[in-house]
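Enquirer: So that we are looking at the same thing, I have put the structure below in structure tokens.
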Amino acid sequence: MSERGIHVCFLSQDMGFADPLARALGTEFTTRASSESQLNRLPDLRDWCDVVLLDLRGKGTKGDPESALRLLEEISNRIPSPPIIGLCDEGNQQIILGAIERGAYDTLTNPPNMMELRLILRRAHRALTAEQEVERLKVSSRESGRLHELIGTSPIMQELFALAQKIAPCDVNVLITGETGTGKELLARAIHQMSSRSTRPLVAFSCANLPEALIEDELFGHEKGAFTGALTMRRGRMEAADQSSLFLDEIGDLGLGLQPKLLRVLQERSFERLGSNTTVNVNIRIICATNRDLSELVQQGKFREDLFYRLNVVQLHLPTLRDRRDDIPLLAQHFLEKSAEQFKKKTKRFSQSAMHALEEYAWPGNVRELLNAVQRAVVLSEGQSLEIWQLPAAVRNGYDSPRFSRSYEEEVREFKRRLILRTLRECGWRKAESARTLGVARGYLHRLINQLGIHRIGEDLPTEAPAPLPPSTRVM
């Protein structure tokens, strides 16, 4: 949430509804109200408006549903366009479904529940912020060309980026650790691009699930006649990476028979091809990655200790997506825009429920799984908003699927937990503000947090800090 508050443009023919709505929203939201006929005379909405609240009720649209939907589509097609929340008559499924199809971020039935409206406006503003951050990162990436496609604004990723920028110009070996799918090869490419060797391409090779003889041939090459079928001399990846960087993925799977030969390359910068006695000298930088604990493999006798120390000059650890959940909206929006461009789709943003499902899923496959999930959803999407049903079943399960096996008390407990967790996230984990938003006493919220086992991933809840006061609500 920005310090200036969230600027809301309320478009309606029922101007008498604007003043009580603005007062009910409170000082966090700065509201400007305009009639629909004034839309074309308004300045670019994105310049001063964070979210559009569009009145799609019968009274607010002169009883013409199609006119209201055309107006929604017109606003949505503006580039850039702020997210749109549709205020609809209860039970009017034609308007509700039509609004989502025409690009609305979400809909709310009349009369609106003010707590729910505030939460939806905050989430829409958060989606807008993610879009703007993606654009900022695109510009930054074009200007600097650093860190390749790695994206993350969370503190843990910013620290990693800063460390990578420090060690990249220094010609030292780097060991990158992290679970599968966290982006280890992307980080290796970013380090190479920021190094003095970036004029030559990075050479990459994975040691996973390959026979030792094949790995040796791939890395060191062979002479003609070295073995049956060796009809010509072949240079390996080591020679191809001369004057450049060699990225060895899944180094923990390298067999004990090849580890001494790799150790010699690290120490002497030389080796012999298979079937040759001639020494080949190379000038390479080794960047390795693994999802295994090499120190544990050393203790088990499966990895040479001296090789481990040679590789582990600088170690960079990529966190799981579970440990950087604040980056999920940003990453998802980035993947959505790339996929929409790739598949020639007009999808612009996620619906509220789709983004919630992404934020609450465990992501065992990390960023790679998120990318695949978003790509699949974009392929299935038809409108401007990506809906929850277009996400993979594994992501949807536990969010929107009926769970008949749970008791009434379990359902109520789970509902409370989700509601409080979302509110805490939207309020920046400030418990006093969260209690005001939920309309409960702060002490009661504290008890619920403890009873439901709610905690911030990777850290305790922060000490309460007073939130900055945004400008007063005004109606124009």
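Since every read-out is calculated from the coordinates, none of them should be taken as a lab result. Because the structure is a prediction, the values reported are computed rather than measured. Cβ atoms come from the backbone with ideal geometry, glycine included; neighbour counts cover every protein chain shown.
Enquirer: Can you list the residues, at least 5 places off or on another chain, whose amide H is less than 5 Å from the amide H of S245, using H built in the peptide plane?
Expert: Under 5 Å from the amide H of S245: V203, R285.
Enquirer: I want to check the label-to-label distance for D242 and L214. Put each point 7 Å from Cα in the C-beta direction and report it in nm to one decimal.
Expert: Here the answer is 2.7 nm between the modelled labels.
Enquirer: Need the full-extension length gain, L263 to E305, defined as separation in residues times 0.36 nm minus the C-alpha distance. One decimal, nm.
Expert: In short, 14.1 nm is gained.
Enquirer: Residue by residue, what Karplus-based ³J(HN,Hα) values in Hz, rounded to whole numbers, does the range 437-447 have, using 6.51, -1.76 and 1.60 with θ = phi - 60° and x for Gly and Pro?
Expert: Each residue of the range 437-447 in turn: 5, 7, x, 10, 5, 4, x, 5, 5, 4, 5 Hz.
Enquirer: Right, something else. Starting from the Cα of T153, step 7 Å toward the Cβ, then list every residue of the range 97-134 with an amide N under 11 Å from that point.
Expert: Of the residues in the range 97-134, 126-134 have backbone N under 11 Å from the label point off T153.
Enquirer: Which of V203, V412, V440, V367 comes first, and how do the rest follow, when ranked by fewest Cβ neighbours within 10 Å?
Expert: Result, fewest neighbours first: V412, V440, V203, V367.
Enquirer: With 26 Å as the cut-off, how large is the P(r) tail for the range 138-259, expressed as percent of Cα-Cα pairs?
Expert: 31
Enquirer: Report ³J(HN,Hα) in whole Hz for each residue of the range 288-293, in order, from the Karplus equation J = 6.51 cos²θ - 1.76 cosθ + 1.60 where θ = phi - 60°; Gly and Pro get x.
Expert: In residue order, the calculated couplings are 10, 9, 7, 9, 10, 8 Hz.
Enquirer: Go through the range 317-333 residue by residue and turn each phi into a ³J(HN,Hα) via Karplus (6.51, -1.76, 1.60, θ = phi - 60°); whole Hz please, and just put x for glycine and proline.
Expert: 10, 8, x, 6, 5, 5, 8, 9, 4, 4, 8, 4, x, 5, 5, 4, 5
Enquirer: Which distance in nm do the two modelled labels at E66 and N372 give, with both placed 7 Å along the Cα-to-Cβ direction?
Expert: 4.5
Enquirer: Would you mind getting me the FRET efficiency between H455 and D89? Use the beta-carbon distance for r and R0 = 45 Å, nearest 0.05.
Expert: After rounding to 0.05, the efficiency reads 0.65.
Enquirer: Only counting other Cβ atoms within 10 Å, I'd like M115, M355 sorted with the fewest neighbours first.
Expert: Final ranking by Cβ density, sparse to dense: M115, M355.
Enquirer: According to a simple spin-label model (label point 7 Å from Cα along Cα-to-Cβ), what is the distance in nm between N113 and S198?
Expert: In this crude label model, S198 to N113 measures out at 5.1 nm.
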